[in-house]
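So the structure is just underneath, and the comments pick up after that.
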Amino acid sequence: MNRGRNRRIRIFSGGAGAAAARGRLALGAVILALAVICPGEGARARPAGQEQGDRGQDQRDNAVFMREHARAARLLSQKSFNEAVRVLERLHRDHPQSREVIELLSKCYLQMGRPAQAISFLEDYLRRNPPSFMMIRNLGEAYLDTGEKEQAVRVWHSILEGDDDSGQYYGSVAKMEWDAGMYDRALETLREGTKFEKFFIQNSRELIRLEMLLDRSQDAFRDELILLSRSGELNLRQASGVLESFREAGLPADLLSLVDSMAVKGERHSRFFRYLHTLMLVERDEYEEARAYVRDSAAGGEEDQEAYGFAVQLFLMKHKRGQRDFEAFLGETIDLFMERYKATHLAPGMIYLMTERQLETAAADPGTGRAEYERIRRMLEELVSHPLGGPYLQKAALLKAGVELELLGLPGEALTTLGGAIRRGRTTSPALEELRMRALLASGRWSEAEKNLGRLAGSPDSNLAVMGEYGLGKMFFLSGKYNRAVDKLSALAREHPGSEWANDALEIAILTKESLQEGEAPLNLFTAGLRVSLRGGYGEAADSLEALQNRYKGSVLVPRSLWVGSAWKRSAGRKEEARGDLQRLCELYPLHELAPRALERLGEYWEAEDPAAAAGYYARALDRYPDDPFADRVRSRYIRIRKILPPGGEEE
C-alpha cells in the first residue's frame, strides 16, 4: 500500500518521469498529425456522407452526455445520492476518461460515506491524466474521511508544486486545512504563499484574517505592518484597521517600538508610520510624546490632510471618551488645528465633527437640558452659513433639523432648515427628503403635508416617488383618515414589494384594518401618541399608549403599544417602565410576532448592567422560538455573553 501511495503522489511532482511523459505526448501528437495529413497510411479515407453522419452522431452523443451530466448534478444538489450515482456510473462506463464525471462521482461517494471508492476512482484517473483542483480537493477530503490527515495534506500540497502561478492556490489549500481543523498548518501554508510576489497581498490578507480569528493579535499586527510596508501608496485611513489590531493585541510596548523603528525619517512610508506611532501613543495614554507630533503639525511640519486625518482619528476613539487626559489632549489638538486652519476649507469639517461629538455627548446624558441643545443648534447654524461650508451643507442641515425636530420639538424650524439647504445646494437627497417627510408629519399641518408629499410622489426618481406615496399614507393614518390610509398603504405594498417602505406600509395597513373593527377610539389614542413622538415628546407619547392599554385591554393594538411604548419610555429616561412593558408583552402575548423581539430587546437592555440576566433572556428566546427568523442573531449574542460569564453564571 505504501508503494502505491508513493506512486500516486509522484504523479503530481514532475521531475524526470514527467519530462519523459511530456516527450511521449509530443511524439504521439506528431504521429497523429501525420495520420491526419496522410490518411492512407493509417486509415482509409471515408466518404463525405459517412463523415457527416459521424459528426451528427457525435453531436447527438454529446447532447445526451450533457443532459445526463446536468441531471446528475441536479440530483446531487437535491441530496438524491443513490440515483445520482447510478446516472454517473452509467456515464463513466460510456466515458471512462471524462474528468467531469469522475469529479462529480467522487463527490457523490464522499457524501454517501464511501471515501474508499472515491480514492480508487480519483487515483486511477490521476495516474494517467493531469490533475484538476477539484479532484485534488476531493481526493484530500476522501483521505480525511479515512482518518489519514497527513496523506490528505500531501495530496493538497501537490498542487502547490510548480511555477509561480501555483501561488494562487495557497489560499484554497489553507482553507481546506482550516476547515479540517488544522489551523496552524493553514497559517503555515498562507505564510509560504506570501513568498510569491504576485500573490503576496491576497495571501497576506487571508493570513491576517485567520490570525485574528485565532486571537493571535500580535502576529496579525506584525503581518499587517509587513503588508503595509510593501504596499504602494498608503492612505491615512488605513491606520484605523491597524489601531484595532493594536488594541486587540493589548497595546504592548514591543509593537509600539516596532512601529517607531519603521517611522525613521527617510525610510519607506516613514510619514505614515510616524502618524500611526503617534496614534498608538494616544491609545497607550502616553500623551507627552504625542504632543510633539501635534506641535510639529501646528507649526506646519505636516501636510494639511495629515493633520486633519489625525484629528478625525481622535474623534473616532469613542472608547476613550470622558477620560480626563484624553479630553485635554483632544482639546489642545483641536485648538491648534483651528488656529492654523480656521480660514481654510478644512475648518468646516472640523466644526462639524466637534458639533457632532458634542451632540452625541449631550444625547447620552439624561440630564442634558434644552439650553445645551439650543447652543448646539446655533453652532450648526454657523456651519450651515459658513462661506466655505458647501461640502458640509447637507450634513449640517440634517443634523440641525434633527435637533430641531427630535430634541427641541420644532418641526416648523426643521422644515425651514431643510428647505434652505435644498435651495442653497440646488439639490436634494433621499436623507433630506425623508427627514422633511417626518417633519411634515410631525407638524400636523395636513394641507401643507399633502401638497408637499404629493409633489414628492410625482418625482421622476422612483425611490423618492415611493417615499412620497408612503408619506401620504402615513399622513392619512396620523390625521385620522384611516380608510384612505389602508387603501394607499396597501397599494404601495402591493405595487412596490421590494421597496424599503413596503413592510412598514403593509404592517400599518393590516393593523389599521383590524383595529377599525373595534371602532376608532383605540386608534385615535395610538395615533395621538405617534404624532407627539414625532416631535420628540416621548414621555407624553408613552402616556397616550398607557391610556390605550388601560381603557381597551382587549384591543389588537395593545401588544404593539407595549412594544412602541417601551422604546419611547427608554428615550424619555424611564428605563424600568420600559423593561416592564417588554415583560408584559412576553408574558401576556407569548404567541405574538413581537414576543421574541421583546425577549431579545430585554437581553440588549440588561447586557451592560447584568450580563447573566441578558444571557437568560437570550436563552429563553432561543428555547421558546427556535424557528424565529432572527434566531441566528440572538444565538450570536448569547454566545458572546456566555464567553464572559463564569460556569453556571447564567440566570434561569
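The values are calculated or read from the model by the stated rules, or taken from the named source; none is laboratory data. The shown structure was predicted, so the numbers you read here are calculated from the model rather than taken from an experiment. Neighbour counts are summed over all protein chains in view; Cβ atoms, including those assigned to glycine, are modelled from backbone coordinates with ideal geometry. Side chains are part of the model used for accessible areas, which takes the heavy atoms of the whole protein and leaves out ligands, DNA and RNA. Shrake-Rupley method; radii C 1.70, N 1.55, O 1.52, S 1.80 Å.
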Value of Rg to Rh for segment 385-443 (Rh from inverse mean 1/r over Cα pairs, i.e. Kirkwood): 0.95
Cβ-placed point charges (K, R +1; D, E -1), dipole of the chain about Cα centre in debye, nearest 20: 1780
Semi-axis lengths (Å, descending) of the ellipsoid that matches the C-alpha gyration tensor of segment 367-508: 29, 18, 12
Mean separation of Cα contacts under 8 Å (6+ apart) over length of the chain, as relative contact order %: 4
Lys/Arg +1, Asp/Glu -1 at C-beta; the chain dipole; positive extreme among 611, 235, 505: 505
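Do you know the Lys pair count in segment 366-505 for C-alpha distances under 19 Å, with sequence separation 8 or more or different chains? Working shown, then result.
On the way: 451/474; 451/481; 451/488; 474/488.
The number of close lysine pairs in segment 366-505 is 4.
How would 112, 280 rank on accessible area, largest to smallest, probe 1.4 Å? The partial results should precede the final answer.
Values: 112 50, 280 0 Å².
Ranking 112, 280 by accessible area, largest first, yields 112, 280.
With a cap of 12 neighbouring Cβ atoms within 10 Å, and only residues DSSP puts in a loop, list the trypsin sites (Lys or Arg not before Pro) found in segment 75-126.
Values: sites: 79, 86, 90, 93, 99, 107; in loops: 79.
Sparse-neighbourhood loop trypsin sites (Lys or Arg not before Pro): 79.
Can you give the calculated 222 nm mean residue ellipticity of the chain, where each DSSP H run of n ≥ 4 adds -39,500 (n - 2.57) and the sum is split over every residue, rounded to the nearest 500 deg cm²/dmol? Mind showing how you got there, number by number?
Values: 35 runs with 481 residues, N = 652.
Computed ellipticity for the chain at 222 nm equals -23500 deg cm²/dmol.
Over 18 Å apart: what share of the alpha carbon pairs of segment 99-192 falls there, rounded to a whole percent? Working shown, then result.
Numbers: 1866 of 4371 pairs.
Summing the P(r) of segment 99-192 above 18 Å gives 43 percent of all pairs.
Quick one: length gained pulling residue 342 to residue 361 fully straight, 0.36 nm per residue minus the C-alpha distance?
Between residue 342 and residue 361, full extension yields 4.4 nm more.
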Protein-only accessible surface order, largest first, of 173, 64 at 1.4 Å: 64, 173
At R0 = 60 Å, FRET efficiency that the Cβ-Cβ distance of residue 320 and residue 481 yields, to 0.05: 0.70
Rounded to 10°, Cα long-axis angle of helix 217-229 versus longest principal axis of the chain: 80
Translational diffusion of segment 203-300, µm² s⁻¹ [Kirkwood Rh, Cα pairs; Stokes-Einstein; 20 °C; 1.002 mPa s]: 155
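So which GluC sites (Glu not before Pro) in segment 469-524 end up in coil per DSSP with only 16 or fewer other C-beta atoms within 10 Å?
Passing sites in segment 469-524 are 500, 518, 520.
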Stretch gain in nm, segment residue 192-residue 164, where the contour uses 0.36 nm per residue and the Cα spacing is subtracted: 8.9 nm
Rounded Å value of the spacing that divides the Cα centres of segment 432-469 and segment 208-268: 48
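Quick one: order 133, 477 from most to least accessible surface, probe 1.4 Å. It would help to have the intermediate numbers written out before the result.
Working: 133 60, 477 10 Å².
Sorted descending by solvent-accessible area, the residues read 133, 477.
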On Cα atoms only, tilt of 347-364 relative to the major axis of the chain in degrees: 70
Trypsin sites (Lys or Arg not before Pro) restricted to segment 282-374 and DSSP loop, no more than 10 other C-beta within 10 Å: none
Relative contact order for segment 91-179, counting Cα pairs under 8 Å that sit 6 or more residues apart, in percent: 20
Projected area, mean over directions - segment 456-531, Cα convex hull, nm²: 4.7
Area accessible to solvent at residue 636, 1.4 Å probe radius, in Å²: 70
Share of pairwise Cα separations in segment 136-175, more than 12 Å, in percent: 54
Residue 287/residue 215 FRET efficiency (R0 41 Å; Cβ-Cβ; nearest 0.05): 0.90
Area of residue 446 that stays accessible when all protein chains are in place (1.4 Å probe, Å², to 10): 70
Label-reachable residues, segment 412-450, where backbone N falls under 15 Å from a point 7 Å from residue 463's Cα toward its Cβ: 428-435
Viscosity 0.692 mPa s, temperature 37 °C, Stokes-Einstein D of segment 64-116 from Kirkwood C-alpha radius, µm²/s: 307
Inter-centroid distance (Cα atoms) of segment 580-652 relative to segment 127-205, Å: 42
Which of 585, 180, 634, positive extreme of dipole for the chain (C-beta unit charges): 180
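May I ask you to work out the translational diffusion coefficient for segment 526-652 at 4 °C, viscosity 1.567 mPa s, via Stokes-Einstein with Rh from the Kirkwood sum over Cα pairs, reported in whole µm²/s? Mind dumping the intermediate values first?
Working: Rh = 15.2 Å.
Calculated translational D: 85 µm²/s.
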Whole-angstrom gap from segment 525-574 to segment 350-371, using each part's C-alpha centre: 27
Enclosed volume per residue, in Å³, of the convex hull spanned by Cα atoms of the chain: 280
